[in-house]
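**Q** Sharing a structure, written as structure tokens. Questions coming.
The values are calculated or read from the model by the stated rules, or taken from the named source; none is laboratory data. The shown structure was predicted, so the numbers you read here are calculated from the model rather than taken from an experiment. Every residue, glycine as well, gets a Cβ built from its backbone with ideal geometry; the counts of neighbours run over all protein chains shown.
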Amino acid sequence: MSLATGDGLPGALEPVPGLAARSVLTLRHHDPEAVAGVLDLAARLKAVRGPWPPWLAGRTVGMIFERPSTRTRVAFEAGVGRLGGQAVSLSPRDMQLGRGEAIEDTALVLSRLVDAIVLRTGPHEKLVELDDHAAVPVVNALTYDHHPCQALADAQTLAERFGALGGLRVGYLGDGNNCCASLVVIAAHTGLRLVCACPPGYEPPAELVAWADAAASERGGAVTVTADPAEAVAGARALYTDTWVSMGDEEREAERVRALTPYRLDAARLEAAAPDAVAMHPLPAHHEQEITYEVLHGPRSAVWDQAENRMHTQASLLAHILAPGDGGTGAPVV
């Protein structure tokens, strides 16, 4: 498959080992080469001036959103459409799943109607159960534990700003939630030097951090966790934060705000980082809580690039999972 779009870009899409016809529940279970391939194609798609190749022509992606979504849903719909496919967006009120139909039954039916299933839900176990019974690839659009699509866009944004990711120092401030966990996985695959500053009890899973640190070290990186936000900020080229009260955390809002307030990303934090440091946030943001308005909307914000890059990376991911190796005719993968 070549980028025959009239934009003058050379090269062709090389197959990425381990992604074709495979589910993506967390990037931990895929090779660094797969992540690199997705990021490479995402960058090339973003550079296209004009129509994208119709690599998903004749393909349908079923998207189940049990949780609110702006960037993930619109990015998938736009990306699939630009690649010539069709995205069908579903919510529980649109489906029998919302009225008690078994996940197994839903998986069996959708597998006969669509070429891939995208699911945003709460418990990660629900995603795993869907994947266990589906005969088509399943992609994680967010669970309480992981948000791999966001992490891919984060990596693309960092690469655009700083080039090679190996050894790049990134500081994460706040809750060690699903976005933090997926950033930890991306650090393992790309060699980021990631320092996560989290209050006690809010750290990302210790086992995940240990695995990621060992994997990142092979690529010039490291993954560490500290309770001291100044340690994460020092020398960082990017400072990353996320909401303090995620979906499902509402009952503990006051407690979480008290614990996480010292980790706010504000102008002073940004000034204490590297001179060219940028601010990052997966959105939605709560102004003056985890990030101040002046930082979010300031000249050193990379947040809007992150949001845009969701489309390029998610389209690239689906292209590698679903696009046929026959020159882009849209024929099914057997």
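Residues are listed down the side, and each one gets a yes or a no for (1) at pLDDT 95 or above; (2) over 19 Å from Glu308 (Cα atoms); (3) among the β-branched types (Val, Ile, Thr):
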position	(1), (2), (3)
Phe76	yes, no, no
Glu104	yes, yes, no
Asp115	yes, yes, no
Val128	yes, yes, yes
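**Q** Then there's this: State yes or no: is Val114 at negative phi, in contact with a Ser or Thr (Cβ under 6 Å, 6 or more places away or on another chain), of a type outside the set (Gly, Ala, Ser) and not assigned by TED's automatic domain parsing to the domain that holds Trp304? Give the steps one after another, and end with the answer.
**A** Details: at negative phi: yes; in contact with a Ser or Thr (Cβ under 6 Å, 6 or more places away or on another chain): yes; of a type outside the set (Gly, Ala, Ser): yes; not assigned by TED's automatic domain parsing to the domain that holds Trp304: yes.
Yes; evaluated as a whole, the condition is true for this residue.
**Q** Which one is modelled with the highest pLDDT among residues in region 5-36 that are farther than 19 Å from Ala216 by Cβ and either of a type in the set (Val, Ile, Thr) or not in a loop (DSSP other than H, G, I, E, B) (or both)?
**A** Val24
**Q** Give the residue, chosen from Val136, Val118, that is more than 28 Å from Val225 (Cα to Cα) and touching an Asp or Glu at 6+ places or on another chain (Cβ under 7 Å). Write out each step before concluding.
**A** Working: Val118 fails: touching an Asp or Glu at 6+ places or on another chain (Cβ under 7 Å).
After applying the criteria, what remains is Val136.
**Q** Look through region 55-70, keep the residues that are out of contact with any Lys or Arg (no Cβ under 9 Å at 6 or more places or on another chain) and surrounded by fewer than 20 Cβ atoms within 10 Å (Cβ to Cβ), and return whichever of them is modelled with the highest pLDDT.
**A** It comes out as Thr60.
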